Structures are given as C-alpha cells and as structure tokens.
1. With respect to Thr172, is the statement that it is within 29 Å of Ile122 (Cα to Cα), part of a loop (DSSP other than H, G, I, E, B) and in contact (Cβ under 8 Å) with a residue 24 or more places away in the chain true?
2. Pairs, please: C-beta under 6 Å, at least 6 apart or cross-chain, first residue under 21 Å from Asn185 (Cα atoms) and assigned by TED's automatic domain parsing to the domain that holds Val177 and in segment 46-57, second surrounded by 23 or more Cβ atoms within 10 Å (Cβ to Cβ) and of a type in the set (Asp, Glu)?
3. Looking at Cys89, Cys97 in this structure, which one is of a type outside the set (Ser, Thr, Tyr), in a loop (DSSP other than H, G, I, E, B) and either in the same structural domain as Thr223 (by TED's automatic domain parsing) or in contact (Cβ under 8 Å) with a residue 12 or more places away in the chain (or both)?
4. Hey, does segment 216-223 have a residue that's assigned to a strand (DSSP E or B), modelled with pLDDT under 95 and on the phi < 0 side of the Ramachandran plot?
5. If I ask for residues that are touching a residue at least 60 places away in the same chain (Cβ under 8 Å) and farther than 18 Å from Leu67 by Cβ, which ones from segment 119-141 would you list?
6. Pick from Ser90, Ser94, Ser74, Ser105: which is of a type in the set (Gly, Ala, Ser) and in contact with a Pro (Cβ under 6 Å, 6 or more places away or on another chain)?
7. Given the criteria modelled with pLDDT of 90 or more, out of contact with any Phe, Trp or Tyr (no Cβ under 7 Å at 6 or more places or on another chain) and surrounded by fewer than 13 Cβ atoms within 10 Å (Cβ to Cβ), does Asn68 qualify?
8. Of everything in segment 78-88, what is surrounded by 19 or more Cβ atoms within 10 Å (Cβ to Cβ) and more than 22 Å from Ile137 (Cβ to Cβ)? Give them in sequence order.
Amino acid sequence: MRTSRKLTQVILSLFALALMSVAAMAADPGLVYPPSSEVSDQKAGSILFYNIYTSSASGSNAQNARLNITNTSSTSAAAVHLFFVASGCSVADSYICLTPNQTASFLASDIDPGITGYLVAIATNAQGCPVTFNHLIGDEYVKFSSGHTANLGAEAFAKITAGAAAGCDGNTTEATVAFNGVEYNRTPRTLAASSIGSNLDGNSTMLIVNRVGGSLVSGANTTGVLFGILYDDAEAGVSFQLGGNCQVSGILSNTFPRVTGTFNGVIGQGRTGWMRLWSPQG
C-alpha cells in the first residue's frame, strides 16, 4: 500500500465580502484569465500570496523553501514589494525588480532564516504605491524536517481597477489594498481540504491556514476563532475549532484538531475524509 506525506495549504481572509469558488476548467490555450476572475494559482496577478515559507537556522538542508517569482510581461519591468509575515504576525520587507520575462529565485534560509510564515508580493509603481500589473506568477518548493514536502503555486490576485491604489501617491506612507471584487479580486471566507488520507495507512497531512488582513507596517491580524467540520467518507461529520496567530498550522492527528471520537476514529484505516473551515468574523 502506498503511503504519502502531504502538505495541504489553504488561504483565508476575514475581509472578504462573499464566498469564493475557483473554477476547475482552464482557459482556452493562448488566452489569459480576465482580471475579474477570482483568485487562483493558475493565473497571473498584481499580488501574489505564497502560503508558506520556512527554514531552519541550524539545518536548512532539512527544512527550507525555494521561492520563485516571474514577470510574464515581455515589454514592461516590474517593481515588487515583498512582505515576509511571520507566523507570530511580525512583518519584514524588501524590494525586488524584475526585467521583462525575468524569473527570480531565492531560498528562505538566505532571506529570512529560521522563520516560518507566509509571503505577500505586491506590484508597485516608482512611488511605492500598489499598482495594476497583472503579469506576476510564482511558485515554491517547501520541505519540513518532519518529512512533509510540497510544490505550491502562488495564489494570484489581479487588480481590477487601472492605475495605483486609491488615495496613494508620492506623499503617502501607507496604502489600502481592498480585496473586495472592485479594486482587487475577493478573498475566501470558507475553505475545504479534500481527500485526507488515514494516518493509520501511513499518511501524514499538514494543514496551514493564513489570515490575510491587518497592517503590513505594524503587524498582520490574527485568525481569531475558526470553526470546522471533519467528515468521514460516509458523510458523517464532527465539529472542531481552531485559532491562533496570523498562521495556524499543524499535522492532522488525534490532538490536532481536537474532535470527538479522535481524528483516527473519524478517518479510519483504508478510509478517506475531508474538512471544511470558515470564519464567523466580518
């Protein structure tokens, strides 16, 4: 019987105005997704979210992330503001400039050693204001000392309105990025993780939930209380709660999340399940 170590990633925003679903069908060959299409790791955007980065200060060979970002425009250069948000909500930032068609790659151990969190990459103009530049794509390879590994595409948010973010110019020091379906694509309030294998079959799944919101100057917001339901393959569900800092993560087990009957009791040997997560906050 084959076993696997799987890292399941999800992205959460408490600023979204409605639920979001991502279509499974790809665009026709040669066509790009329109800016109004919802967030996806299958399109280009003006903002990229890398759901996880990590490294070990003492053992980067065992735990590290390689992050890649590409400017798909063949005519325009890109200035990108990078915000490294630690799981405890502190933020560090830097800039990167990309020539037309350029890809840049870097290791988390070289940029932010010993830290685990998520990365936000925002296209900006010469004044540092968030701007319309729906040509950024990205991906990453991440590995943990626990043995969990994953290749993850960066979630791309397109800017729908033209020009710089509203109210931002050369005299402002902060700008508001609105994921409201008007300025930028919306962000999800409800998440799902499918095809969770049984730990009793040798599987091990890591769950990561990020809060997207707050200030990238003074500190990002925490997730607050998250509600969830874990389902077995007979459609029976048990509820649970999660909560924590800007990033909640853990290996699914009898202690995470806490459910009645235990995790291994819900998803037994030879079985699979799935879970749904949502936030009651606005």
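1. yes
2. Taking only residues 6 or more apart or on different chains, the pairs are Phe49/Glu155.
3. Values: Cys97 fails: in a loop (DSSP other than H, G, I, E, B).
Answer to the check: Cys89.
4. First, the residues of segment 216-223 that are assigned to a strand (DSSP E or B): 219-220.
Now narrow it down to the ones that are modelled with pLDDT under 95: 219-220.
If we keep only those that are on the phi < 0 side of the Ramachandran plot as well, we get 220.
Looking for residues that are assigned to a strand (DSSP E or B), modelled with pLDDT under 95 and on the phi < 0 side of the Ramachandran plot, one finds at least one in segment 216-223, hence yes.
5. Residues satisfying the conditions are Pro130, Val131, Thr132, Phe133, Asn134.
6. On inspection, the qualifying residue turns out to be Ser74.
7. Against the criterion (modelled with pLDDT of 90 or more, out of contact with any Phe, Trp or Tyr (no Cβ under 7 Å at 6 or more places or on another chain) and surrounded by fewer than 13 Cβ atoms within 10 Å (Cβ to Cβ)), Asn68 does not qualify.
8. Of everything in segment 78-88, those that are surrounded by 19 or more Cβ atoms within 10 Å (Cβ to Cβ) and more than 22 Å from Ile137 (Cβ to Cβ) turn out to be Ala86, Ser87.
The values are calculated or read from the model by the stated rules, or taken from the named source; none is laboratory data. In this text the structure is predicted, and so the values were computed from the model without any measurement. Cβ: placed from backbone, ideal geometry, glycine included. Neighbour counts: every protein chain shown.
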